[in-house]
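Presented below is the structure to which this report refers.
Bear in mind these aren't lab numbers, they're just calculated from the coordinates by the rules spelled out. From a predicted model like this one, the values you see are computed outputs, not experimental measurements. Note that we place each Cβ from the backbone using ideal geometry, even for glycine, and neighbour counts take in every protein chain shown.
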Amino acid sequence: MSTPALKIYNTLTRTKEEFRPIDPAHVRMYVCGPTVYDYAHIGNARPLIVFDVLFRLLRHLYGAEHVAYVRNITDVDDKINARAFERGISIRELTDETNKVFQQDVKALGCLEPTVQPRATEHIAQMVAIIERLIASGHAYAADGHVLFDVPSMQNYGRLSRRSLDEMLAGARVDVAPYKRGDMDFVLWKPSKENEPGWDSPWGRGRPGWHIECSAMSWAHLGETFDIHGGGIDLVFPHHENEIAQSCCAFGRDVMANYWMHNGFLQVEGEKMSKSLGNFVTIHELLHTEKFGGRKWPGEVLRLAMLRTHYRQPIDWTVKALEEAEKTLDRWYSLLDETSIDLSAKPDDSVLEALADDLNTPLAISHLHSIFWSSRGTEYEQSIAKRGWDIHDSDAASMAVATAKLMGLLTSSPAEWKRSVVEGAGVNANVVSSLVSERLAARASKNWAESDRIRDELAAMGIILKDHKDGATTWEVKR
Ligand code: AMP
Ligand code: ZN
């Protein structure tokens with residue numbers, strides 16, 4: 001089968017469109033990254049995972065060296081100033097510490113490193129340059145140490161979010177300020193007090209507004225116009241609308257990015273998971289504490305749980321979804337344990353096709369299930385049966401792994417997976433292995449009492465033993 005055409009739902013046009021990169025040898029994607037003042041929550045994990053799948057798919061379709069993925073780090077923001085002050089540490093200490101945990105979190109979720117992760121504080125010169133252009137072209141004005149974007153100066157402002165003026169006013173939670181000409185005008189630059197971070201500029205010592213940061217960083221790393229811009233659905237307005245206004249007006253272009261993609265929310269009882277509502281679970285606590293279901297969870301479990309829902313649909317957060325995802329991964333990894341994997345194998349065409357159709361990960365995962373477990377008689381399973389695949393054979397297993405990797409799944413070895421599950425359950429794998437060896441030695445010398453005693457000791461730790469016909473003993477954690 002030839003390579004499938006990639007189709008993407010474009011928020012700009014509200015339709016699914018065929019993806020045509022500006023330059024197939026240099027496909028460019030920008031995704032808004034974290035504001036590094038506190039641990040990221042699992043709602044924030046959703047765009048990280050979704051756009052990682054897209055990055056993997058683009059690399060597969062266009063070649064890894066032909067895709068640039070930029071995800072920024074917002075390290076200048078009033079929330080950062082407030083938190084650093086509260087904790088009595090410097091802003092740089094806070095942002096470095098938070099960013100370090102963030103990088104560990106995304107790695108644990110199985111995300112590839114983006115091509116560039118620019119920091120806002122390292123792009124102040126580009127922000128100032130854009131603001132100067134906007135003033136020169138009559139799209140911005142300086143007033144009282146501030147610089148504001150003059151919204152009525154842009155004819156098609158609101159094109160992305162398609163909101164009425166009233167809705168925009170409500171959504172932007174606009175501040176009424178004496179230096180503003182229009183209610184909708186937003187801040188590009190604002191003055192900093194002595195104790196606030198600031199940079200010298202033509203408008204005095206100050207700091208950038210949030211939106212200008214992404215216009216500057218995408219410009220610096222991807223150019224005036226690029227292919228894909230992504231983020232969560234809450235960013236459509238005002239953040240992305242304002243990024244478009246700044247970049248298009250500064251560079252005299254009609255478009256900033258050709259395709260705008262937005263993931264739906266991870267919800268808790270029907271409400272968006274967010275810091276402000278206080279209904280959040282951090283990625284860090286899910287991975288490293290026993291607060292949820294009494295145990296730690298491997299990052300891959302959260303990843304699979306998320307990808308079982310299409311990225312534009314909302315997801316309700318439950319521990320049950322994690323349990324189900326873990327069971328699936330356990331089954332997949334245990335089947336792989338029996339075969340050798342060829343890392344140069346090609347992914348399955350039907351899965352590739354599902355992913356190319358606006359990232360239909362639920363369908364892709366259902367096909368993957370069929371490859372591992374072809375017993376449900378679906379049309380796809382019948383096609384597998386015709387091809388004579390058997391997951392116990394190296395060819396089929398290698399293809400299954402190559403396919404799963406397109407979604408960043410099954411990237412560990414079965415042994416690594418088992419170790420992470422065992423450690424998540426609070427069991428030390430080395431201790432278990434040595435007890436199993438001691439028991440085997442006891443059995444070899446027909447010391448049945450000792451063998452039973454060790455079996456009971458392991459059972460008390462939640463470990464179930466399986467004695468095989470060939471004399472070997474394997475073990476797993478009781479669920
Ligand atoms: P923030 O730190 O709030 O700017 O969010 C960082 C990224 O996470 C943005 O792309 C947001 O749209 C996204 N995001 C925040 N909360 C959620 C959520 N509950 N579900 C899905 N995405 C979210
Ligand atoms: Zn942004």
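Okay, here's what the table says:
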{"read-out": "Relative contact order (%) - criterion: Cα under 8 Å, at least six apart; region: region 266-416", "value": "24 percent"}
{"read-out": "Förster radius 56 Å - calculated FRET efficiency between VAL319 and ALA143, Cβ distance, rounded to 0.05", "value": "0.60"}
{"read-out": "Cα-projected label distance for ASP200 with ARG162, points at 7 Å along beta-carbon direction, nm", "value": "4.9 nm"}
{"read-out": "Estimated translational D of region 266-416 in µm²/s (Stokes, Kirkwood radius over Cα pairs; 37 °C; 0.692 mPa s)", "value": "198 µm²/s"}
{"read-out": "Nonlocal amide H pairs with PHE265, under 5 Å, H built at 1.01 Å", "value": "ILE315"}
{"read-out": "Relative contact order (percent, whole number), the chain, Cα cutoff 8 Å, 6+ residue spacing", "value": "16 percent"}
{"read-out": "Helix-only mean residue ellipticity at 222 nm for the chain, each DSSP H run of n ≥ 4 adding -39500 (n - 2.57), per residue, nearest 500", "value": "-13500 deg cm²/dmol"}
{"read-out": "Stokes-Einstein D for region 24-85, Kirkwood Rh over Cα pairs, 25 °C, 0.890 mPa s (µm²/s)", "value": "185 µm²/s"}
{"read-out": "Values of log10 I(q)/I(0), in the order q = 0.07 Å⁻¹, for the chain under a Debye, Cα-only, solvent-free model", "value": "-0.45"}
{"read-out": "Coil-residue trypsin sites (Lys or Arg not before Pro) of region 1-80, DSSP, other Cβ within 10 Å capped at 16", "value": "ARG14"}
{"read-out": "Trypsin sites (Lys or Arg not before Pro) within region 114-190: DSSP coil, no more than 14 neighbouring Cβ in 10 Å", "value": "ARG162, ARG173, ARG181"}
{"read-out": "Entries in LYS346/LYS418; LYS291/LYS466; LYS386/LYS478; LYS79/LYS107; LYS79/LYS405; LYS190/LYS272 that, when Cα-Cα distance is taken, lie over 28 Å", "value": "LYS291/LYS466; LYS386/LYS478; LYS79/LYS405; LYS190/LYS272"}
{"read-out": "Ordering of 400-409, 246-255 by packing [mean C-beta count within 10 Å, highest first]", "value": "400-409, 246-255"}
{"read-out": "Globularity ratio of region 427-477, using Cα Rg and 2.2 N^0.38 Å", "value": "1.03"}
{"read-out": "For GLU17, residues with placed amide H under 5 Å, excluding near neighbours", "value": "ILE8, TYR9, ASN10"}
{"read-out": "Rg(Cα)/(2.2 N^0.38 Å) for region 98-257, N = residue count", "value": "1.07"}
{"read-out": "Mean Cα-pair separation over length for region 61-152, i.e. relative contact order, pairs under 8 Å, 6 or more apart, %", "value": "32 percent"}
{"read-out": "Using alpha-carbon coordinates, inclination of helix 42-62 to the longest axis of the chain, degrees", "value": "90 degrees"}
